[in-house]
Amino acid sequence: MAHATDLILSSSSRLLTLYSPPPLQNAHQLPLPPGSLVSAIAADSSDNTQTLFPFLDSDATAPTRLLLLLLKRVVSGVQPTGSIHLGNYLGAIKNWVTLQDTYETLFFIVDLHAITLPYDVQELRKATRDTAALYLACGVDISKASVFVQSHVRAHVELMWLLSSSTPIGWLQKMTQFKEKSRKEGGENASVSLLTYPVLMAADILLYKSDFVPVGEDQKQHLELARDLAQRVNNLYGGRKWKKLGGRGGSIFKIPEPLIPQVGARVMSLTDGLSKMSKSAPSDQSRINLLDSKDLIADKIKRCKTDSFAGLEFDNAERPECNNLLSVYQIVSGKTKEEVMEECKDTSWGTFKPLLADAVIEHLSPIQVRYEEITAEAAYLDKVLSEGADRATEIAESTIHNLKQAMGFYL
Amino acid sequence: MAHATLSHSLILSSSRFSRLGYSTRFLRHPNPLSLPLTRQRFRCYCSDQTSPSVRKRVVSGVQPTGSIHLGNYLGAIKNWVALQDTYETLFFIVDLHAITLPYDPLELRKATRDTAALYLACGVDISKASVFVQSHVRAHVDLMWLLSSSTPIGWLQKMTQFKEKSRKEGGENASVSLLTYPVLMAADILLYKSDFVPVGEDQKQHLELARDLAQRVNNLYGGRKWKKLGGHGGSIFKIPEPLIPQVGARVMSLTDGRSKMSKSAPSDQSRINLLDSKDLIADKIKRCKTDSFVGLEYDNAERPECNNLLSVYQIVSGKTKDEVMEECKDMSWGTFKPLLTDAVVEHLSPIQVRYQEITAESAYLDKVLTEGADKATEIAEVTIRNLKQAMGFYI
């Protein structure tokens, strides 16, 4: 479980010692069109999944090759919630977005996963597009990262089916998320897609030869399954068996590693300092949504729960609201803990609240402006998602081709 | 047969209502007779513009076994192939289903192509029917996933084939694709708005599930809800009916008159494969089990081998039962066997010749399968699009 900075350092040192690239592999082994630099990374021709020198497109210039060599690939599946609140943003999204500076990142909206539980059919389309727009507004840079919709890349379900033929039922029945969610849906009445959810998630990951997958606690078990499945498929169909069928041999799949991004803030509810800020809490007063207007934010903060102590302080177990609001203030203002203490330790709630509101509004303002720009013109978002899907498809198709070949299909 | 009558009357009723449905497209009031828009009443042609005729559609999924024996052929294939004269027929090799149980990856490709070639050799006419490989039409797995979100786990756990096969694979060790096998099969059927599906006993339960699933999806996402999302409303899926083709022969093993001729029997002597050479066929028949009665006769419970061999002779020679009795009732086995051999060889000869032609040039078969997949994709993509629209996807 490598930390992001360690990876950068180790990658750089490997780069320095291995400046001169090894000779190119045989061109005929590459099933992809030349000139596709992203595909060049995908066509990893050796058994060693840690190699920094996969088959390279001979048309790529040396600096570009070096740039791509440096970047490991990260995939991140995003539920189409349609709305994001401050807790999501400061807790995860802000950090996930910065991954694009260190890794080749693919963000995709997992609409095929969204249908595994009862959902609002009338809202799915809007939620899908709004979520994509919000990620772009939060700073995903399409010159560095890809954004697309899962259902727009057909390889996802195809790989899901192929993987499912190697997935024992027992593995899936053990999944905690399945046991909990299916119980809520009435056991046998739960849809079978809830059971096979992790297989589609494994497909999401393995399709792109991902090096890393950012996971929270609740998805760790699924990532474990994806790793086990990849290993199992490599054993069943890879290596010499694959070569016999005309393949390049070696591993079919890269075994992905979990990535724990720099820990984001744990933002608590505005109405209950002991519970996390959450989308499912009944009252909208409990959370600040990224798209809330200035007045609404000011109002929510004005009404939010506080206490009757004098002054403000961090880390007092009896004052969870105070700790929460000071922490939020600290993050959105960019000040250090000490600076905030200096500024606020003798402040009253009446003085602090407007301060906090202004800081939050200012922090969210660029996001809101950008969101308005993006959604003002539907064609722009359509185009971004379409291009994202094209880039993803390029990589995905080569993975599918390899696996089908190794599994003996008539292609 | 009651079931056949039922199918027949359904053909009449659905075509009457389909004409009604077709003409209502041009009326301002969408439903002048105020009939509820339930399934089978309203058949919309809007999405069927690629279909040139009004023939009913039949789909038939074929396992990539790679070899077919006389029992398969006379028992089912011969009649399935004849369907192409009455229906718009789509035959596809179900390679995606084949992987749900342990299989030999080195053999799959060859088995897939050989099966397709054999069907063509057995008379599938590509000017009438489509032949393609399931994995070449991506819509199959797409629809499988979408359907699986509406398939309760309980429905699948009840399937007899799943219970039997998963037990053999060690229960929990069986792959989950064995559990979801019927969902992919439902996708195969529903993708093409099939009217009929030829099924044997062992697939009846799966067809039932496909029908239930289609109805469930229509209820969950069709009708007015679909219209709200920009669709044309009505049913998303057609509810398919089982089709019991004219009953084929039940051909018994050559070495055991009480067991069906089967691919899995250990000894190859027990079956005549469609591609067996003349000499091999002659040899198998020469050695096959007979009895020590005098003369030959049908329907004697003590003489199952005799009944079997006379029946086969009857079918492959095209003679009637009476003609065969007339010809053979006083024959000895020594006289009958060469007679039977010649008749079988002659019957299989065109198939073998055609098979050699087809497989001599791999480009031909590739081309047939590509064209079949293209035609299938045209129809399938419409279905997928409709369902995704009705399920609220951003398309």
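Only the coordinates and a few stated rules stand behind these numbers; no lab work does. This one's a predicted model, so the numbers in the text were calculated from it and none came from an experiment. Cβ: placed from backbone, ideal geometry, glycine included. Neighbour counts: every protein chain shown.
What the table below lists for this structure:
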{"quantity": "Averaged over A:109-119, number of beta-carbon atoms from partner chains that fall within 10 Å", "calculated": "3"}
{"quantity": "Debye, to nearest 20: dipole size of the stretch A:89-208, +1 on Lys, Arg Cβ, -1 on Asp, Glu Cβ", "calculated": "200 debye"}
{"quantity": "Exposure proxy ranking, count of Cβ atoms within 10 Å, fewest first, for A:Lys184, B:Lys78", "calculated": "A:Lys184, B:Lys78"}
{"quantity": "Reachable aspartates and glutamates from B:Lys321, criterion Cα separation under 14 angstrom, eight or more residues apart if same chain", "calculated": "B:Glu297, B:Asp299"}
{"quantity": "Simple label model, 7 Å out from Cα along Cβ direction - B:Arg250 to A:Arg240, nm", "calculated": "4.8 nm"}
{"quantity": "Positive dipole terminus of the stretch A:284-374, leading residue within A:Cys344, A:Val369, A:Ser327 (C-beta point charges)", "calculated": "A:Val369"}
{"quantity": "Positive dipole terminus of chain B, leading residue within B:Ser177, B:Ile379, B:Gly123 (C-beta point charges)", "calculated": "B:Ile379"}
{"quantity": "Dipole magnitude of the stretch A:284-374, debye to nearest 20 (Cβ charges: Lys/Arg +1, Asp/Glu -1, about Cα centre)", "calculated": "220 debye"}
{"quantity": "Chain B, Cα convex hull volume normalised per residue, Å³", "calculated": "163 Å³"}
{"quantity": "MRE, 222 nm, helices only [DSSP H, n ≥ 4, -39500 (n - 2.57), over chain B, to nearest 500]", "calculated": "-16000 deg cm²/dmol"}
{"quantity": "For B:Arg385, A:Arg391, order by how many other beta-carbon atoms lie within 10 Å, fewest first", "calculated": "B:Arg385, A:Arg391"}
{"quantity": "Dipole of chain B, positive end: most advanced residue of B:Ser135, B:Pro240, B:Leu146 [Cβ charges, Cα centre]", "calculated": "B:Leu146"}
{"quantity": "Ordering of B:157-167, B:139-149 by burial proxy (mean other Cβ atoms within 10 Å per residue, highest first)", "calculated": "B:139-149, B:157-167"}
{"quantity": "Other protein chain Cβ atoms within 10 Å, averaged over every residue that makes up B:137-143", "calculated": "4"}
{"quantity": "Projected area averaged over orientations for the stretch B:139-220, convex hull of C-alpha atoms, nm²", "calculated": "5.4 nm²"}
{"quantity": "Entries in A:Lys126/A:Lys294; A:Lys94/A:Lys302; A:Lys404/B:Lys204; A:Lys126/A:Lys383; B:Lys56/B:Lys78 that, when Cα-Cα distance is taken, lie over 21 Å", "calculated": "A:Lys126/A:Lys294; A:Lys94/A:Lys302; A:Lys404/B:Lys204"}
{"quantity": "17 Å tail of the calculated P(r), the stretch B:268-360, as % of Cα pairs", "calculated": "50 percent"}
{"quantity": "Shielding by partners - mean other protein chain Cβ count within 10 Å, residues of A:156-163", "calculated": "6"}
{"quantity": "Cβ-based exposure ranking for A:Trp242, A:Trp171, in which fewest neighbours within 10 Å come first", "calculated": "A:Trp171, A:Trp242"}
